[in-house]
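In what follows, a single structure is set out as structure tokens and then discussed.
The values are calculated or read from the model by the stated rules, or taken from the named source; none is laboratory data. Just so it is clear, the model here is predicted, and its values are computed rather than measured. Reconstructed Cβ throughout: ideal geometry from the backbone, glycine too, with neighbour counts over all protein chains shown. Accessible surface is based on the protein model in full, side chains and every heavy atom, while ligands, DNA and RNA are left aside. Shrake-Rupley method; radii C 1.70, N 1.55, O 1.52, S 1.80 Å.
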Amino acid sequence: MEFFKNILRAIWRVWFYVFFGISIIVMLPFLFILTIKESQYPTLYKIIRGFSKLLIFVMGFRLKIEVEEKIDPNKSYMFCPNHTSMMDPFVLISMVKSPIVFVGKAELKKIPVFGFFYKRICILVDRSNPKSRKEVYFKAKRRLQNGTCVAIFPEGLVPTEDVVLSPFKNGAFSLAIEHQIPIVPATYFDCKRLFSWTYFKGGPGTFRIKQHHFISTKGLAKEDLSKVKEETYQVIYNELVNDEAYMKDTNRNE
């Protein structure tokens, strides 16, 4: 029985890449034109948001969202969700109407076709390069002045599936303090369980998302970075360890 389930999961996974690839090809003209100037990003974001919603739908997922504090479309924010799946960015984009720019890994720009647009849309960082990390601040500042939000997965990577939540990097919190913008913690409970990096695992279902109360950075300085980072970490960690489905999946190999 498990053998046939794995065949179905494999077909389902292949469908993800087929749909993703065809969609990129169809959107190529729009992506090329709308990535020429940063001023066109709000229009591009609407297209990416529409694609994200469609991708979630055709993969058989639904979103169940709990919002503790609403986003003001006229303000900039630093979004900081936990990271467990390649679906995470699409979930965030589908949730938020305001344009979001992601700070992402520079290595992904090497992926054919996708990488070409990825480096023109996202703010890339090579964490092993101090100069690259420094340039992120200038690029983010320019985007934030245009009323755009920034998203960083503060774990800096997708942790192994037995890890509840990896330690947070400083980048998101340093940027939020420097630009005095609120941090928006968000807990993704089900992306790892339903669409992890383990190929023969998961399936269609509901992604439960909790967008927490904002953490203010108003009046904070660099000396407060560790405190605000730990506060954000604890908000997400406490949600995860108290969620039975998440913890059962996390500890399934024990």
Response to the item:
Under 5 Å from the placed amide H of residue 82, counting only residues 5+ away or on other chains, we find 186, 188
Practice prompt. For the range 204-216, just list the computed ³J(HN,Hα) in residue order, Karplus coefficients 6.51, -1.76 and 1.60, θ = phi - 60°, integers in Hz, with x standing in for Gly and Pro.
Written response: x, x, 10, 8, 8, 10, 10, 9, 7, 4, 5, 10, 6
Fill in: With all protein chains modelled, accessible area of residue 11 [1.4 Å, Å²]
100
Item to complete: Scan around residue 61 for amide H atoms under 5 Å from its own, H built in the peptide plane at 1.01 Å from N, and keep only partners 5 or more places away or cross-chain.
Response: 205
Worksheet item: Considering amide H positions built from the backbone, and no H for Pro or chain starts, which residues 5 or more places from residue 151, or on another chain, come under 5 Å of its amide H?
Response: 79, 101, 102, 103
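How high is the FRET efficiency from residue 16 to residue 222, r the C-beta distance, R0 41 Å, rounded to 0.05? Write out the running numbers ahead of the final one.
Values: r = 41 Å, r/R0 = 1.01.
According to the calculation, E is roughly 0.50.
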Worksheet item: Under 16 Å from the Cα of residue 201, which aspartates and glutamates turn up, not counting those fewer than eight places away in the same chain?
Response: 2, 161, 162, 190, 249
Discussion item. Starting from the 7 Å offset along Cα-to-Cβ, what nm value, one decimal, do you get for the label separation of residue 74 and residue 247?
Written reply: 4.4
Worksheet item: If one puts a single equal scatterer on every Cα of the range 1-74 and applies the Debye formula without solvent, what log₁₀ I(q)/I(0) results at q = 0.11, 0.24 Å⁻¹?
Response: -0.46, -1.11
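Can you give me the % of accessible surface on the chain that is carbon or sulfur? Probe 1.4 Å, all protein chains present, nothing else counted. Present the calculation step by step, with values, prior to reporting the outcome.
On the way: 8120 of 13410 Å².
It is 61 percent, rounded to a whole number.
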Practice prompt. First measure r as the distance between the Cβ atoms of residue 200 and residue 53, then evaluate 1/(1 + (r/R0)^6) with R0 = 22 Å and state the FRET efficiency to the nearest 0.05.
Written response: 0.25
Item to complete: Under a 10 Å cutoff between Cα atoms, tell me which one of 94, 23, 166 has the largest fluctuation in the Gaussian network model of the chain.
Response: 23
Worksheet, complete the sentence: Phi angles of the range 86-100, converted by Karplus (6.51 cos²θ - 1.76 cosθ + 1.60, θ = phi - 60°) into ³J(HN,Hα) in whole Hz with x for Gly and Pro, give 5, 7, 3, x, 5, 5, 4, 4, 5, 7, 10, 6, 5, x, 10
Response to the item:
Residue-ordered couplings for the range 40-52, obtained by feeding phi - 60° into the Karplus form 6.51 cos²θ - 1.76 cosθ + 1.60 and rounding to whole Hz (Gly and Pro as x), are 8, 4, x, 5, 4, 4, 4, 5, 5, 5, x, 4, 4
Worksheet item: By how many nm would the segment from residue 170 to residue 38 grow when fully extended, if each residue of separation counts as 0.36 nm and the alpha-carbon distance is taken off?
Response: 44.9 nm
Worksheet, complete the sentence: Pairs over 26 Å Cα to Cα, from 119/210; 119/141; 75/222, come to 119/210
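Rank these residues by their accessible area, most exposed first, probe 1.4 Å: 233, 188. Can you show the working numbers first?
Working: 233 40, 188 0 Å².
In descending accessible area the options line up as 233, 188.
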Fill in: log10 of Debye I(q)/I(0), alpha-carbon scatterers only, for the chain at 0.14, 0.18 Å⁻¹
-1.00, -1.65
Worksheet item: If you keep only loop residues by DSSP, which GluC sites (Glu not before Pro) in the range 1-71 have at most 14 other Cβ atoms within 10 Å of their Cβ?
Response: 68, 69
Worksheet item: Mean residue ellipticity at 222 nm from the helices of the chain, using -39,500 (n - 2.57) per DSSP H segment of n ≥ 4 over the full residue count, to the nearest 500 deg cm²/dmol?
Response: -15000 deg cm²/dmol
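Could you pull out the trypsin sites (Lys or Arg not before Pro) across the range 1-107 that fall in loop regions by DSSP (anything but H, G, I, E, B) with no more than 13 other Cβ atoms inside 10 Å?
Values: sites: 5, 9, 13, 37, 46, 49, 53, 62, 64, 70, 75, 97, 105; in loops: 37, 70, 75, 97.
Taking the range 1-107 and a limit of 13 other Cβ atoms within 10 Å, the loop trypsin sites (Lys or Arg not before Pro) found are 37, 70, 75, 97.
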